[in-house]
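Input: a single structure, listed below in structure tokens.
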Amino acid sequence: MEKVKLESLSLAHSLSDKPLPPSPLIPTSLEGGKVSDRLGKLKSNSENWKQRIEQTDAKKFTVAGRLQKKAQSPVELQFERSTNDAAKKCPMLEVRSANQPQLGLAKSPSMMVTSSSVTAKTTLRSLSVNPEEEISTLSRSNSSSSDSDGERSSPQNAKQNKELANNKSAAAPTNVGSRIQVPRHDDKETFENFFATQPTANAQQKEAAAEVEISAFDDIKPTERLVSKRHVQGPKGRRAARNPLKSLAARSDITSEYTELRTGVAERELRRLKLESFGQPGNGNLAAEAIAGLASIEDFKAVALRSSSLPLQQMWLPHKPVMLLHVKGRTHVQTRLVAPIHTSLNRGDCFILVSGSQLYRYVGSFANVIEISRSKKICAAIVENKDLGCTASQEVILSDGKFVNERQWRQFWSLLGKPEEEAYEIPECGHADEDDVFESSLIETNKIYEFQDDALIPLDKYWGCIPKVDMLDTRKVLVFDFGSELYVWNGKNATSDAKRAAMRLAQEHFVAKDSADYAQCYLNPLNYVAIVGRRESTTYAKRCAERPDWCVLGKITQNMETALFKEKFSDWPELEREDLEKDYLANGVHVVRALNGAALHKGEPYQEPNLVLEQSNIGRGNFYYDNDTMRHFDVITKTTDKWQIHEFNFDAANGREDYGHFYSAESYIVRWIYQISVTVRELSGKVSNRSTVGRDRCVYFTWQGQDSSANEKGAAALLTVELDKEKGAQLLVAQGDECTAFVRLFRQLWQHRGRKEQCLEKRNQWRLYQVQGNVPEETLLKEVDCQSQQLRSRSSMLMIHGSQGLVIVWHGSKSAPHSRSVALEAAQEVVKQMPKDLFSCESAATLTELEEGDESEDCKKALGLGEQRADYGSLLEATKSYDYQLRIFNFSSTQGVFKALELSDPLRCQDKCSPYPFSQAQLYNARQPTIFLLDDGDELWLWMGWWPLEDVKIITDERSSPTNDNRAGVNRWISERRAALETAVDYWRAKHGENVKEAFHGVKGQVVWAGLEPLAFRALFPEWNGRADVREINVEDGRTDDIIEISTMLAQMTQTEYPLEVLKGRPLPEGVEPTRLEVYLNAEDFQVALGCSRAEFEQLPIWKQTKLKKERGLF
């Protein structure tokens, strides 16, 4: 039987490698009879299908494709770096102060455990260490690693770290000192050097004199041996003696170092004993404060005092007056601060220029879409949050295409310091792979420290990497060094001592020699922009002796981070604007909801104007009363000084009579030194006779005219810092935004048009001034065009002829009594003083009062006034009472929530109505598109802005309708307009009551478009100048200057059905969403337009629906 089995196995083994003969039972015509054949066919088919379709053309639309099309891509990169090359990071070195204060007993160097195993000289290195002395390889012990590394040898410490991580907002733990190493018996420094004795000279002489010979041992006599020997036996069961040193060395539970806990018990006990010694009977007549002063051991010589008037919010600001931001990258886009010069630009990236009230965004013609989108988000964040010291209401887009504003380009170049006569072309873009190379190389230069043990300790986990939000612990103080930017981030629960010490170390490191050494990296973040793009020279220095003046050293508090700081993080949580637009697109117009008109009409309680300086309330500039503490603060003016700013210097005002005259094309600096006197009230409610006068305070106002050049505005900000010897507060005042405290410094503030030289030449002609202000102490006179279009029936105005010495007070027919008295007193004062800025005659001036409708012939001729008075909206024949205050609301949904903000008059008074409290600039300087609601008593006005050109595709050669390039934004704009109309109707209902008989409660109001305002609307503002550029945009979008009632437009925007021909025409009716035209069709038109029923259309995927609508012309 066994033999048969063996033969069978051998036969099967021999046939296993031979193919089987075909069987008659299996048909050979079947395909794929073998699995190998089937796999081969599948593999070949998986490769052959690629040959049957066209190659993708996606590459043509990338930066590389566009460069290849124009044959502009350089052959080589600026520096060689492949994808497999190792990262080159800066060496991790601790930062310690070069002059550390010696407080208490200094520990031995052998007892200090540092983060690197180097000598004490290297550990306690100065900040100005040479690069040759740096240690290339640094090792860190686990005991000295930071808490953020999460690597502790002790399980107890690991558990404690886990508990602290779960509760980051907990209070700081017990004050933990440095790591102390236990001295060992074989420590040469501790024992051998301490106990070793050097032989003295006498001992050496005696030892040399004592010589012993061998024969001397013969004199030794033997002693008698003991008679008996006693054996001592120990107890039974006792173990043999062991070596205690060997046993001690074998123990593993004894650590060689420990953490010093600074409890302060010994110091408190010493202070108590000291106080008791001072409290002896001989010192019984001393007060407790005197005893405490005697017991103090503070070294006041080492204390650096600063002025108490220095405002805290102006120390270590994380921005500069002029900043140029470079946006570059593709995966993790880098936004870096670069030198604000014109040679930093190139056509392959995006740049953002921030300077006071100006914000420019340059978009290169070869910038990728990610850089364009990122730069747009940064500008939006700066405008919304007034970040980086920027007060601009909107950004200015500059590109290489058409529709370029030459005036804006000139301002842009002047801020970057390019001479006007110099012909300069922006360099072309670099290699197609340049973005990835520079992005990764810039990230590797990031240096992040944590403040520990009076030093800045490098963080291994984030060194040369992209920072993450998880590293921001509320109990820590972190220092971020990005080359041109150095930030000290303070957690809200960090100790004050740690914050001050970290700021001092950061300041020393910022100004230290060779602190910006990037010799071991691929590039230098301070000057890398010099080789970006197509440059003639690609050589640059990787080492900088010191950081340039345009670099930033800033202190950032938690939850107060700037947009530039947030851009360094890869996962910073923010409200994405694109996500909002997607939400609007998906949900249609129902996302933005109308507001409560009753709450809007009720408004907020009246508040007096209040200026806050150095955390003190100034009020209107004369006094302030605190209702909570019942204290009365009187503001006492000591001195006022004024300087005129030029491009490179400044001049002091010639005389006091010129202090109140400002010119719109110039900038000024005003210094105000004042005191605050505090008076309390008695229990009876009367003001107490006793008051306390405080210290001298100082504030510098930087007044910038609306027509002043960008160079003068920037010079004003820089010279303010130079003049500020008192380290006082600094406040920027733009023309038109003057507060009451600033106007009260001059009592009468004159604002002339142009420069002083030009205004002096106009003294031989008539000049017209608009009078603003409700009290004589707060009078503001602004020059307007001497034309009848600038007259206003609700105010009083001054006409002055300087060479003839004529002053005319023109009173409008509806001018309030307090407005008349303010204008008359201002005219009497100017006739009395005869300032040289207004008059050139030597004789005394004459004053004349005229009423509207009774003007003299000379007055009519000077104003060009006709008989009809239709050019300025005269109210001479109006019977309406104008004893009310004009109200204005701004509607916006920039943060995702539709809300309204009521504007207030800076010169308001509670019992007096301002005739023209708002200006045209408040409408046009707001971020567009926006909506304003004006309440003019018995009529409402809804002012609609315009769609800005910033959302137009910059690369396109010709501009189409701007609303066709951002469909999601159009839906948002439509929904905001509908919500504003509904809010206006609800506001009218809350003010005038319900009216169910008429549609929309019988609302009386009109809708006006920017640039197309009617005369009745323009007459609500003190001055109005036409904007032809805005008018052109709205006319191109289909807007007209026809009067449209609010009820009529709201009915149009709520219409749900339109004919097919109307939806295919352009422009579309009001309220129609361009991405959802199919919802406005009836069943018959739907079938004709799309070739299917509504139910069949809704069953299609979204992409097929969009494709079908584009083919049928409904998208």
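Along the charge dipole of segment 343-502, Cβ charges K/R +1 and D/E -1, which of Leu472, Ser441, Leu486 sits furthest on the positive end?
Leu472
Starting from 0.36 nm per residue, how many nanometres of slack lie between Gln828 and Ala599 once their C-alpha separation is accounted for?
Between Gln828 and Ala599, full extension yields an extra 78.0 nm.
Between Gln758 and Leu1015, what is the label-to-label distance in nm when each label sits 7 Å out along the Cα-to-Cβ direction?
Placing both labels 7 Å along Cα→Cβ, they lie 2.9 nm apart.
Would you rank Val1062, Val635 by solvent-accessible area, highest first, keeping every protein chain in place and using a 1.4 Å probe?
Accessible-area ranking of Val1062, Val635, largest first: Val1062, Val635.
Can you work out the Karplus-derived ³J(HN,Hα) for every residue in segment 321-336? Use 6.51 cos²θ - 1.76 cosθ + 1.60 with θ = phi - 60°, whole Hz, and x for glycine or proline.
x, 10, 10, 10, 9, 10, 10, 8, x, 9, 8, 10, 4, 9, 10, 10
Roughly what would the spin-label model give for Glu994 and Asn1025, points 7 Å off Cα along C-beta, in nm?
4.9
Multiply the residue gap between Ser365 and Asn617 by 0.36 nm, knock off their C-alpha separation, and tell me the result in nm, one decimal place.
Once the chain is fully extended between Ser365 and Asn617, it gains 85.7 nm.
Beyond a 25 Å Cα-Cα separation, which of these cross-linked pairs lie in this structure: Lys725/Lys782; Lys642/Lys725; Lys320/Lys782; Lys386/Lys602; Lys274/Lys499?
Lys725/Lys782; Lys320/Lys782; Lys386/Lys602; Lys274/Lys499
5 Å is the cut-off here: which amide hydrogens, built 1.01 Å from N in the peptide plane, fall below it relative to Gly802, excluding neighbours closer than 5 in sequence?
So Gly802 has HN proximity to Gln765.
For Gln1055 and Lys88, compute 0.36 nm times the residue count separating them, minus their Cα-Cα distance, and round to one decimal in nm.
Residue separation times 0.36 nm, minus the Cα-Cα distance, leaves 341.8 nm.
For Asp400, enumerate residues with amide H under 5 Å from its amide H, sequence gap 5+ or separate chain, H modeled in the peptide plane.
Ser365
With a 1.4 Å probe and all protein chains kept in place, how much accessible area does Glu614 have, in Å² rounded to the nearest 10?
Here the residue's solvent-accessible area equals roughly 30 Å².
Hey, what do the phi angles of segment 748-759 turn into as Karplus ³J(HN,Hα) couplings, whole Hz, using 6.51/-1.76/1.60 and θ = phi - 60°, x for Gly and Pro?
Here the 3J(HN,Hα) series is 10, 9, 9, 10, 8, 8, x, 8, 5, 4, 5, 6 Hz.
Given the whole protein assembly as supplied and a 1.4 Å probe, what does the accessible area of Asp1041 come to in Å², nearest 10?
Number for this one is 90 Å².
Please give me, ordered by residue number, the trypsin sites (Lys or Arg not before Pro) of segment 841-935 that lie in loop per DSSP and have at most 12 other Cβ atoms within 10 Å.
Lys880
Would you mind classifying segment 728-862 by shape? Square roots of the alpha carbon gyration tensor eigenvalues, ordered a ≥ b ≥ c; an a/c under 1.5 is rounded, otherwise it is prolate if a/b is larger than b/c and oblate if not.
oblate
GluC sites (Glu not before Pro), restricted to segment 705-759: which are DSSP loop and have at most 16 other Cβ atoms within 10 Å?
Listed in order of number, the matching sites are Glu726.
In terms of modelled amide H atoms, which long-range or inter-chain residues lie less than 5 Å from the amide H of Gln558?
Amide H neighbours of Gln558: Asn490, Lys492.
Can you bin every Cα-Cα distance in segment 766-840 into 10 Å intervals starting at zero and give me the percent of pairs per bin, rounded to whole numbers?
Cα pair-distance distribution for segment 766-840, in percent: 20, 56, 24, 1.
Could you order Glu546, Glu561 by accessible surface area, starting with the largest, using a probe radius of 1.4 Å?
Output order, biggest surface exposure first: Glu546, Glu561.
Over segment 607-651, give the accessible area per residue in Å² for a 1.4 Å probe, as an integer.
59
When only the heavy atoms of the protein chains count and the probe is 1.4 Å, how do His326, His818, His992 rank by accessible area, highest first?
Per-residue accessible area, sorted high to low, gives His992, His818, His326.
Compute the FRET efficiency between Val1079 and Leu273 as 1/(1 + (r/R0)^6), taking r as their Cβ-Cβ distance and R0 = 56 Å, and round to the nearest 0.05.
Step by step, r from the Cβ atoms, then E = 0.05.
Hey, what do the phi angles of segment 387-394 turn into as Karplus ³J(HN,Hα) couplings, whole Hz, using 6.51/-1.76/1.60 and θ = phi - 60°, x for Gly and Pro?
7, 6, x, 9, 10, 5, 7, 7
Once ligands and nucleic acids are excluded and a 1.4 Å probe is used, how much of Thr391 is accessible, expressed in Å² to the nearest 10?
70
The values are calculated or read from the model by the stated rules, or taken from the named source; none is laboratory data. No experiment lies behind these values; they were computed from the predicted model shown. Note that each Cβ is placed from the backbone with ideal geometry, even for glycine, and that neighbours are counted across all protein chains shown. Only protein heavy atoms, including side chains, enter the accessible area calculation; ligands, DNA and RNA are left aside. Shrake-Rupley method; radii C 1.70, N 1.55, O 1.52, S 1.80 Å.
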